[in-house]
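**Student:** Here it is: the structure, laid out below.
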Amino acid sequence: MSHATARACANLAFVKYWGKRDASLNLPMNNSISMTLDAAHTTTRVEFVPGLERDKVLLSERPARPAFARRVAAHLDRIRSIGGSSEAARVNTHNNFPAGTGFASSASGFAALTCAASSALGLQLSRRQLSVLARLGSGSACRSICAGFVEWQAGRDSDSSFATQLADPRHWNLVDVAVLVTDEEKAVRSSDGHQLASNSPFWQTRNQTISSRLAEIRQALLERDFHRFGREVESEALEMHAIMQTSGHENGGAWQSGIFYMVADTLQLINAVQRWRQAGMDVYFTLDAGPTVHLLCMEDQVGDVLQAVNSLEGSQGWRTIVCRPGPGARLLPGRDSD
Ligand code: DP6
């Protein structure tokens, strides 16, 4: 029986992937930089079963929604075509964090799926090959293949667009205190949002300035310059949201001026971070395509940051997940485990 179980962590982008050069290959407009998050992961078991009619996908032991199951099957097709197999698979996948709220579950999910499925078919792929393959499932998944601090090279074509490690997890004790202000899933999937990015009047400006932002954030990260890093990362997140909020489009016949991933509690937290900094706390924020606020601080500030978050009005319904630089995607030995 050919089966394997793999685990991959989500990742948090400091320089964002937003907008694609080629949507079918998930080729990004620009390089991006991220941290792999140790506390938020997906565990996926893939078993190729002779005689099984078609792929069966379970998410947390329940049949996955058809759109997700189709995306998984399409990714299995890529891996089957490399392995010369036509056998259908049973896929059992589980996230230890809520999906669709600004935590990249597609990143951890497609990284884990790529590792488990390729191993179950006996393929011995390099990290680079795994990263290229994971990218085809979901762009940001290529970064979750690597541990610690990671850069995704936009590349010229599919084979040259993959992620590599910038620095290992011990390089810097940077912490992401992720504050999940709601469990509600976002209304616009990232894949759809990417397509609209070029509708923003600020799109050209972003493409002209992104390489200097990238160099700045890379250098601050490598030099462990927290304040320089935090300032740039915050501006980068707000720039991405400015693009999102000005990506006008028709939706079901009605005009929408942009996509709003932030909710009221997101703004409350952003304002609080600015106040906390004025009061001397060393904390910055970033956001992905969702309402979750990722608070960035050094290890020795985690207690203060958590206390500050918990003292905010309305914080009772929030959930925090404290993430440190984590491992790359890996196979789990033996039977299914969590
Ligand atoms: C806002 O990787 O989810 O998190 O390639 O269409 O699957 P697809 O998109 P996805 O986009 C992630 C967008 C982001 C920024 C980032 O992670 O860099």
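**Student:** Scan (1) open to solvent by 10 Å² or more (accessible area, probe 1.4 Å); (2) in contact with a Pro (Cβ under 8 Å, 6 or more places away or on another chain) for the single condition Leu180 breaks and write down its number.
**Tutor:** Evaluating Leu180 over (1) open to solvent by 10 Å² or more (accessible area, probe 1.4 Å); (2) in contact with a Pro (Cβ under 8 Å, 6 or more places away or on another chain) leaves (1) as the failure.
**Student:** Right, next: Give me a count of the residues in the stretch 111-140 that are closer than 10 Å to Ala10 by Cα and free of Cβ contacts under 8 Å to residues at least 40 places away in the same chain.
**Tutor:** Total satisfying the criteria: 0.
**Student:** For the stretch 1-20, which residues satisfy the criterion of being more than 12 Å from the ligand (Cβ to nearest atom) and either in contact with a Leu (Cβ under 8 Å, 6 or more places away or on another chain) or open to solvent by 30 Å² or more (accessible area, probe 1.4 Å) (or both)?
**Tutor:** If the condition is that a residue be more than 12 Å from the ligand (Cβ to nearest atom) and either in contact with a Leu (Cβ under 8 Å, 6 or more places away or on another chain) or open to solvent by 30 Å² or more (accessible area, probe 1.4 Å) (or both), then Met1, Ser2, His3, Ala4, Thr5, Ala6, Arg7, Cys9 are the ones that fit.
**Student:** Which members of the stretch 29-47 meet the condition of being touching a His at 6+ places or on another chain (Cβ under 6 Å) and under 17 Å from Cys146 (Cα atoms)?
**Tutor:** Thr43
**Student:** Residues of the stretch 48-87 being farther than 30 Å from Leu180 by Cβ, open to solvent by less than 60 Å² (accessible area, probe 1.4 Å), of a type in the set (Gly, Ala, Ser) and part of a helix (DSSP H, G or I), which ones?
**Tutor:** Gly83
**Student:** Something else now. Report, by residue number, each residue of the stretch 92-148 that is at pLDDT below 95 and of a type outside the set (S, T, N, Q).
**Tutor:** The answer is Phe97, Pro98, Ala99, Gly100, Gly102, Phe103, Ala104.
**Student:** All but one of (1) open to solvent by less than 70 Å² (accessible area, probe 1.4 Å); (2) modelled with pLDDT under 95; (3) over 26 Å from Ser105 (Cβ atoms) hold for Pro291; state the number of the condition that does not hold.
**Tutor:** For Pro291, the failing item is (3).
**Student:** Here is a further query. Does at least one position in the stretch 24-31 carry a residue that is polar (S, T, N, Q), in contact with a Lys or Arg (Cβ under 6 Å, 6 or more places away or on another chain) and in a strand (DSSP E or B)?
**Tutor:** Within the stretch 24-31, not a single residue is polar (S, T, N, Q), in contact with a Lys or Arg (Cβ under 6 Å, 6 or more places away or on another chain) and in a strand (DSSP E or B).
**Student:** Applying the selection to the stretch 31-40, what residues are of a type outside the set (A, V, I, L, M, F, W, C) and either open to solvent by less than 10 Å² (accessible area, probe 1.4 Å) or more than 16 Å from the ligand (Cβ to nearest atom) (or both)?
**Tutor:** Listed by number, the residues that qualify are Ser32, Ser34, Thr36, Asp38.
**Student:** Mind telling me which of the residues Arg45, Arg90 ends up being open to solvent by 40 Å² or more (accessible area, probe 1.4 Å), in a strand (DSSP E or B) and in contact with a helix residue (DSSP H, G or I) (Cβ under 7 Å, 6 or more places away or on another chain)?
**Tutor:** Checking each option against the conditions leaves just Arg45.
**Student:** Moving on to the next point. Has the stretch 275-287 got any residue that is open to solvent by less than 60 Å² (accessible area, probe 1.4 Å), under 30 Å from Ala116 (Cα atoms), under 24 Å from the mean Cα position of the chain (by Cα) and polar (S, T, N, Q)?
**Tutor:** no
**Student:** Next question, about the same structure. Out of all the residues in the stretch 21-30, which are open to solvent by 50 Å² or more (accessible area, probe 1.4 Å) and either over 30 Å from Ser198 (Cβ atoms) or polar (S, T, N, Q) (or both)?
**Tutor:** If the condition is that a residue be open to solvent by 50 Å² or more (accessible area, probe 1.4 Å) and either over 30 Å from Ser198 (Cβ atoms) or polar (S, T, N, Q) (or both), then Ser24 is the only one that fits.
**Student:** Could you say whether any residue in the stretch 265-284 is touching a residue at least 40 places away in the same chain (Cβ under 8 Å) and closer than 30 Å to Ser126 by Cβ?
**Tutor:** no
**Student:** Out of curiosity, is Ser247 closer than 17 Å to Asn30 by Cα, hydroxyl-bearing (Ser, Thr, Tyr) and in contact (Cβ under 8 Å) with a residue 24 or more places away in the chain?
**Tutor:** no
**Student:** Moving on. Working only within the stretch 294-316, note down all residues that are over 22 Å from Ile217 (Cα atoms), open to solvent by less than 70 Å² (accessible area, probe 1.4 Å) and of a type outside the set (Val, Ile, Thr).
**Tutor:** Within the stretch 294-316, Gly303, Leu306, Ala308, Leu312, Gly314, Ser315 meet the criteria.
**Student:** Continuing with the same structure: Which one is farthest from Ala64 (Cα to Cα) among residues in the stretch 113-136 that are within 14 Å of the ligand (Cβ to nearest atom) and crowded, with 24+ Cβ neighbours inside 10 Å?
**Tutor:** The selected residue is Ser131.
The values are calculated or read from the model by the stated rules, or taken from the named source; none is laboratory data. Source: prediction; values computed, not measured. Because the Cβ atoms are built from the backbone with ideal geometry, glycine has one as well, and the counts that use them run over all protein chains shown. Quick note on the areas: whole protein, heavy atoms, side chains included, nothing else; ligands and nucleic acids left out. Shrake-Rupley method; radii C 1.70, N 1.55, O 1.52, S 1.80 Å.
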